[in-house]
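Structure, as structure tokens:
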Amino acid sequence: MEDTSTQSEPDDPDRQTVEADPDADAVDGERDGNGPEEADDGAAPEADAANTSTDSDASEADADLAELRERVEAEYDFDDFGPEDMIQMSAEEWDAAFDPETWITGGRLLDRVETELKSRIARREVFGLLERVREDGEERILVYSDEGYAIVRPSGEVSGRGTVLRDVEPLVAMAAMEEYDVPEPPDDWSLPHPDAVPEGTGEFGNLMIQVVAGVQLFAGVVLLAASVVMDLSTIVAPAMGLAFLLVGVFLFAMVANARLSDRFRSEEYRDRLRALREAEERPGFVPVDGEVIEDGSEDP
């Protein structure tokens, strides 16, 4: 009997052709027009819709920003912008009012901040010594007092603590705006000498109040004296005389209190000036050890 177990001819020649060409289906699919190119064409409308949605969202954001910017410009007076206005502004209003791409930075910003601070110190709106220092190869503006300090970097970043930081922050923001005109400081812009600080201010106002108080007292005395001498039967004159006396006494007491307050404030101001000028080095809480390029602490 003949053994046929070693024969390799397949029973189905068509099946052999299919198994030998596994990419035939892919080729047929391309011929039929159902290949990957049509799948890409089908995804294109979805991509166009996404792009249209993105453009619409960007347009709405720009419109909202423009509306917010108009409202901020109408609400705030940037020609007289101060710390109180800066505190009231929200983060969204700040970003809308000041475009970071148009801010002044670098050495020009430091020059403008230095000039602005000199003007504010001259007007006694900022209390502190001003120095331009170099630390870590970078110039910086340093302002410090006996209670705080502020450091301004060329990037516009401000760091520090105390009332000095609170006063300097809005000044840096204004100096970074191209539209803001920095005022020129006077020649004697630095802090005054302690002995040059007067005992008090507003003496003319105090004098005027004293004159009014004296008239009130005189009128009160006259009315009371007339009521006693002439034996008036009405209580209007004595009541008015007493009222005039009380008003006069109150005005004199107010003037005395104002003078004492001015004297105490002046003495406190002189003490702070002496402490700053007599110190041989910066306060320990100022984290700056760089060399001084320009010192504004000397007497004018």
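The values are calculated or read from the model by the stated rules, or taken from the named source; none is laboratory data. Because the structure is a prediction, the values reported are computed rather than measured. Glycine gets a Cβ as well: all are built from the backbone with ideal geometry, and neighbour counts include every protein chain shown.
Yes/no matrix, rows are residues, columns are (1) buried (at least 17 other Cβ atoms within 10 Å of the Cβ); (2) in a strand (DSSP E or B):
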site	(1), (2)
159	no, yes
171	yes, no
184	no, no
189	yes, no
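For the range 101-108, check the following and say yes or no: at least one residue is closer than 21 Å to residue 189 by Cβ, surrounded by 15 or more Cβ atoms within 10 Å (Cβ to Cβ) and at pLDDT 90 or above.
Scanning the range 101-108, I find no residue that is closer than 21 Å to residue 189 by Cβ, surrounded by 15 or more Cβ atoms within 10 Å (Cβ to Cβ) and at pLDDT 90 or above, so the answer is no.
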* Can you tell me which residue among 196, 219 is over 15 Å from residue 256 (Cβ atoms) and not assigned by TED's automatic domain parsing to the domain that holds residue 251? => 196
* List pairs: first in the range 112-124 and assigned by TED's automatic domain parsing to the domain that holds residue 156, second part of a helix (DSSP H, G or I) and surrounded by 20 or more Cβ atoms within 10 Å (Cβ to Cβ), Cβ under 7 Å, 6+ apart or cross-chain? -> 112/175; 113/171; 113/172; 113/175; 116/171; 116/175; 117/171; 120/171
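Any idea which residue in the range 256-271 is surrounded by the fewest Cβ atoms within 10 Å (Cβ to Cβ), counting only those that are under 25 Å from residue 196 (Cβ atoms) and among the aliphatic types (A, V, I, L, M)?
By that ranking, first place goes to 260.
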* Which condition does residue 297 not pass, out of (1) out of contact with any Leu (no Cβ under 7 Å at 6 or more places or on another chain); (2) modelled with pLDDT under 80; (3) surrounded by 14 or more Cβ atoms within 10 Å (Cβ to Cβ), if it passes all the others? -> (1)
